[in-house]
1. So how many residues does region 115-144 have that are under 24 Å from residue 37 (Cα atoms) and either in a helix (DSSP H, G or I) or in contact with a strand residue (DSSP E or B) (Cβ under 6 Å, 6 or more places away or on another chain) (or both)?
2. Considering only region 208-229, state which residues are out of contact with any helix residue (DSSP H, G or I) (no Cβ under 6 Å at 6 or more places or on another chain) and under 26 Å from residue 288 (Cβ atoms).
3. In contact with a helix residue (DSSP H, G or I) (Cβ under 8 Å, 6 or more places away or on another chain) and not in a strand (DSSP E or B), is that true of residue 242?
4. Kindly indicate the residue of region 178-199 that is in a loop (DSSP other than H, G, I, E, B) and within 16 Å of the chain's Cα centre (by Cα) and also farthest from residue 153 (Cα to Cα) among those meeting that condition.
5. Within region 267-305, which residues are surrounded by fewer than 23 Cβ atoms within 10 Å (Cβ to Cβ), touching a helix residue (DSSP H, G or I) at 6+ places or on another chain (Cβ under 9 Å) and in a helix (DSSP H, G or I)?
6. Here is a list of conditions, (1) buried (at least 19 other Cβ atoms within 10 Å of the Cβ); (2) closer than 23 Å to residue 187 by Cβ; (3) in contact with a strand residue (DSSP E or B) (Cβ under 9 Å, 6 or more places away or on another chain), and residue 218 meets all of them except one; can you say which number that is?
7. Does residue 110 meet the test of being under 16 Å from residue 180 (Cα atoms), modelled with pLDDT of 95 or more, within 17 Å of the chain's Cα centre (by Cα) and buried (at least 24 other Cβ atoms within 10 Å of the Cβ)?
8. Read through the list (1) in a loop (DSSP other than H, G, I, E, B); (2) closer than 18 Å to residue 150 by Cβ, then give the number of the only condition that residue 308 fails.
């Protein structure tokens, strides 16, 4: 996710490239987080906040009947809302943030957009410049999502790996009815790229391969509808976007990640949204120039199916 002085992706807008952590920094942060968990357990015993997020086996629909409102990040990423909050604190804040999005005949479902594959500044053990989130961390956020009747979206920053390999590595979680996938092309840097230096992108062919894989899994396992969220902040984030396919069992969603003022964000959103795909919109608590209210977000055209807070 990049910062631009105008609508992200506008010609001449110079992005500020975020610097990824090292693999050792991710490991140390993971250990600190897991060590903190005993104090978290039982501190905030939540009743389930509704049935819309967990879903049932079969043909349960997701969009457009519902709207997902998610918090982005990871406990190892202190600049994100997930990284700034304890699990109990994040659940309370997320439920409060989700409430205003109920309306327009849609139920608002809370979600955690957890970065499950973190791009790193160093090669790591296998030379892929990425670290996979531990199963223990994923389980904590899945439990948190379920405690508030929500969804878990596993976000992938593949670096020198590939999206399809990383999605397959998450199969055990994707087989759950309330677990989705998000792809971050910015960190898809190819075989010779370096996260933080190389601005990544993704082709429609790759996206269709991932959505096809998810669609087959849903049909094979009789799972309800899932979403595949694709982050984009500029025109080049998704190559040949006109060829991105929608799926029977997977709601393919283009999420606009531009940072700035409301007018610039709205212009970028309208430019990068497609009528035949679902739409998402990101907001940044600390980086946007005036945080847009839920009512203003819902008045966007089209009204977003997926709203992401960082």
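The values are calculated or read from the model by the stated rules, or taken from the named source; none is laboratory data. Being a predicted model, the structure only gives us computed values, none of them experimental. As a convention, Cβ positions derive from the backbone with ideal geometry for all residues, glycine included, and neighbour counts pool all protein chains shown.
1. So in region 115-144, the residues under 24 Å from residue 37 (Cα atoms) come out as 115-118, 131-144.
Checking the rest, the ones that are also either in a helix (DSSP H, G or I) or in contact with a strand residue (DSSP E or B) (Cβ under 6 Å, 6 or more places away or on another chain) (or both) come to 115-118, 131-133, 135-144.
Count: 17.
2. Result: 227, 229.
3. When the stated conditions are applied, residue 242 passes them.
4. Narrowing region 178-199 to residues in a loop (DSSP other than H, G, I, E, B): 178, 184, 189-194, 196-197, 199.
Now narrow it down to the ones that are within 16 Å of the chain's Cα centre (by Cα): 178, 184.
Values: 178: 8, 184: 12 Å.
Ranking the candidates gives 184 first.
5. Once the filter is applied, which keeps residues that are surrounded by fewer than 23 Cβ atoms within 10 Å (Cβ to Cβ), touching a helix residue (DSSP H, G or I) at 6+ places or on another chain (Cβ under 9 Å) and in a helix (DSSP H, G or I), region 267-305 yields 271, 294, 295, 296, 297, 298.
6. (2)
7. Details: under 16 Å from residue 180 (Cα atoms): yes; modelled with pLDDT of 95 or more: yes; within 17 Å of the chain's Cα centre (by Cα): yes; buried (at least 24 other Cβ atoms within 10 Å of the Cβ): yes.
Yes: the conditions hold for residue 110.
8. Looking at each condition in turn, residue 308 falls short on (1).
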